[in-house]
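No value in this document is a laboratory result; all are computed from the given coordinates. Values in this document were obtained by computation on a predicted structure and should not be read as measured data. Cβ placement follows ideal geometry from the backbone for every residue including glycine, while neighbour counts extend to all protein chains displayed.
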Amino acid sequence: MNSLYKKILKKIKEYDTIVIARHIGPDPDAIASQVALREIIKINFPNKKVYAIGSSVARFKYLGCLDKVPDELDNALLIITDVPQFDRVDGTSKEDYAYTIKIDHHPCEDKVCDLELLDETSSSACQLILEFVFKNHLKLNEEIAKVIYAGIVSDSERFLLSYTSSKTFALVSKLLESYPFAIMDVYKNIYDRPLSERRFEAYIINNIVISENGFGYINITNDIIKEYDVDSSTPSNLVNNLNFIKELKIWAFASFDEKLGLYKINIRSRNIVINDVALRFNGGGHKYASGARLKTMDEVMELFKALDERAKEVQDEQS
């Protein structure tokens, strides 16, 4: 793994123009990893042109602004973070670049870039960015440190999820010792929510259907989104909040993305492998945190049926 960090740095040194992308429908870790890496390269190599691209999300502006794809991409390097496959990269395509690098923590069997740093045991893409910095003795500053910390905290759910490890704590400890900042400022940005969103969360809890096998599901219509005056990305941001409901083993939210014309499914579980089920339905992800994008409600219900069967399998094994 150490040699990979060195190889990535070597490639960064080779290219004067570098573009950093991440997945569509970004979460804080996706944006934080690309913004942090952009600023890290700028600080350590001020003569390079570095761009973090993709659709912006208003609620994540505290992590930093994004750039437009540059007009000239002659002999440029592309780095994708927090995304396993190119069909989910936001804002660019592989063919425009002389060399490609992937930095990610999602399971992926296929190699999609020329150089890949993949660690499924990492809590987040930001943890990998932080390890890249420390392994190569690169400079940071307090603002970049806050962005990296936000990505790690968000993707690990405040260090609650199983992907949190002793390495996570060691890296964060070193970060806070080297670049001290007020962590409550970070938590305020991530976790402060308007009352409308809290009421929407209550709607989900009151209306989620839970099977006798411990599978919970809900279809969140756009009418409900409008009624509660929340953003279309809100269901995705709330799915982890059901993690400590005793009766739930696996749960899934379905919502319709009008721009893409697809149903977006967020799936979570309590220590039950679900990414193989998601993979069968045009999806994938982590063992216990996955997703899918489907064309019809019939397909959504088939996925829900398969997830319920997975919950039953585990229940039968434990009985």
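Rounded to the nearest Å, what's the spacing between the alpha carbon centres of the range 156-209 and the range 49-102? Just the number, please.
If we compute the Cα centre of each part, the gap is 25 Å.
Of GLN127, ALA30, ALA76, which is farthest along the charge dipole of the range 2-190 in the positive direction, counting Lys and Arg as +1 and Asp and Glu as -1 at C-beta?
GLN127
Using a Gaussian network model of the chain whose springs link C-alpha atoms within less than 10 Å, name the residue from GLY151, GLY64, GLY261 with the highest mean-square fluctuation.
GLY261
Could you tell me how many degrees, from 0 to 90 and to the nearest 10, lie between the Cα long axis of helix 142-155 and the main elongation axis, the longest principal axis, of the Cα atoms of the chain?
That helix lies at roughly 30 degrees to the long axis.
So for the chain, taking the charge dipole from beta-carbon charges (+1 Lys/Arg, -1 Asp/Glu), which of PHE181, THR92, TYR163 sits furthest toward the positive end?
PHE181
For the range 2-190, with only Lys/Arg (+1) and Asp/Glu (-1) charged at the beta-carbon, what is the dipole magnitude about the Cα centre, in debye rounded to 20?
Here the size comes out at about 600 debye.
Once you sort the root eigenvalues of the Cα gyration tensor of the range 2-190 as a ≥ b ≥ c, which label holds: rounded (a/c under 1.5), prolate (a/b larger than b/c) or oblate (the other case)?
Since a/c stays below 1.5, the shape of the range 2-190 is classed as rounded.
Go through the range 223-263 and name the chymotrypsin sites (Phe, Trp or Tyr not before Pro) that are in a DSSP coil and have 13 or fewer other Cβ atoms within 10 Å of their Cβ.
Those that pass, being in a loop and sparsely packed, are PHE244.
Take the Cα pairs of the range 195-318, get the Kirkwood Rh, then feed it into Stokes-Einstein at 25 °C and 0.890 mPa s and tell me D in µm²/s.
170
Quick one: of LYS264/LYS312; LYS48/LYS135; LYS135/LYS167; LYS139/LYS188; LYS6/LYS139; LYS94/LYS259, which pairs are farther than 19 Å apart, Cα to Cα?
Too far apart for the 19 Å limit: LYS264/LYS312; LYS48/LYS135; LYS139/LYS188; LYS94/LYS259.
So in the range 2-190, what percent of DSSP beta bridges are antiparallel if you round to the nearest 5?
Antiparallel bridges make up about 5 percent of those DSSP assigns within the range 2-190.
When the helices in the chain are scored as -39500 (n - 2.57) per DSSP H run of 4 or longer and the sum is shared across all residues, what 222 nm value do you end up with, to the nearest 500 deg cm²/dmol?
-12500 deg cm²/dmol
If I take every Cα pair under 8 Å that is 6 or more residues apart in the range 163-319, average their sequence separation and divide by the length, what percent do I get for the relative contact order?
17
What relative contact order, as a whole-number percentage, does the range 71-215 give when Cα pairs under 8 Å and 6 or more residues apart are counted?
Rounded, it is 16 percent for the range 71-215.
On a full-extension model of 0.36 nm per residue, what is the gain between GLN318 and GLU142, subtracting their alpha-carbon distance, rounded to one decimal in nm?
Full-extension gain reported as 58.5 nm.
Could you tell me the calculated FRET efficiency between ALA170 and THR221, based on Cβ-Cβ distance and R0 = 45 angstrom, to the nearest 0.05?
Efficiency, from the Cβ-Cβ distance: 0.50.
Just to verify a number: FRET efficiency for LYS68 and LYS48, C-beta to C-beta distance, R0 = 22 Å, to 0.05?
0.80
Normalised by the residues of the range 8-68, what does the relative contact order come to in percent, with Cα pairs under 8 Å and at least six apart?
37
Can you compute the charge dipole magnitude of the chain about its Cα centre, using +1 on each Lys and Arg Cβ and -1 on each Asp and Glu Cβ, nothing else charged? Give it in debye, rounded to the nearest 20.
The dipole of the chain has a size of about 880 debye.
What nm value, rounded to one decimal, do you get for the distance between CYS108 and PHE244 when each label is placed 7 Å out toward the C-beta?
It works out to 3.4 nm between the two label points.
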